[in-house]
Amino acid sequence: MLKLSKKTEYALMSARYMALNNHGKYVTAREIANSYNLSFELVAKVLQIMAKNNLIKSYQGVKGGYSLNKSSEKISLAEIIKAVEPAYEITECLRNGFEEESCSYFNCCKIKDPLAEVQKKIDKVFMETKLSELI
């Protein structure tokens, strides 16, 4: 079954929290973790990944924290998902770097092409759905 990882769920929840609570101040990993009863360590790790991928800004210091790089109306779910889970394809053979010889059915597979179409539709929904729609 297609399922987003816990890391991706935390990234989406963290981005949503920032969109809701980022009014002139920065939010901390601890604040996000406490508000949703999440693992602080995983939230902190996800926020670092999001900052590294320029989805959010990281501010150091006593009053530091995180903020979105752009408005929630301009951030697609695909941007968030791909930042923390670069390979979220529904089958191995649709992933970049997949080696055909690792699947003995690759050349005669009857489900690969239909599943590729399903993947395109999933990608389209994630691209068209903005963070603001989760608020």
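Bear in mind that the values in this text are calculations on the coordinates, not laboratory data. Note that the coordinates shown come from a computational prediction; the quantities given were computed from them, not determined experimentally. We place every Cβ from the backbone using ideal geometry, glycine too, and count neighbours over all the protein chains shown.
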Exercise. Near Lys112, which lysines are there with a Cα under 29 Å away, not counting those fewer than 8 places off in the same chain?
Worked result: Lys3, Lys6, Lys7, Lys82, Lys120, Lys121, Lys124, Lys130
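Only sites in a loop by DSSP and with at most 16 other Cβ atoms within 10 Å count here; which chymotrypsin sites (Phe, Trp or Tyr not before Pro) in the stretch 78-111 make the cut?
Listed in order of number, the matching sites are Phe98, Tyr105.
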Exercise. Looking at the stretch 9-107, which trypsin sites (Lys or Arg not before Pro) are in a loop (DSSP not H, G, I, E or B) and have at most 14 other Cβ atoms within 10 Å?
Worked result: Lys25, Lys63, Lys70, Arg95
For this session: Would you calculate, for the chain, the mean residue ellipticity at 222 nm contributed by helices, counting each DSSP H stretch of 4 or more residues as -39,500 (n - 2.57) and dividing by all residues, to the nearest 500?
Result: -14500 deg cm²/dmol
Seminar exercise, completed: In terms of the charge dipole of the stretch 6-134, which places +1 on Lys and Arg and -1 on Asp and Glu at the beta carbon, the residue among Tyr105, Leu20, Leu38 farthest towards the positive end is Leu20
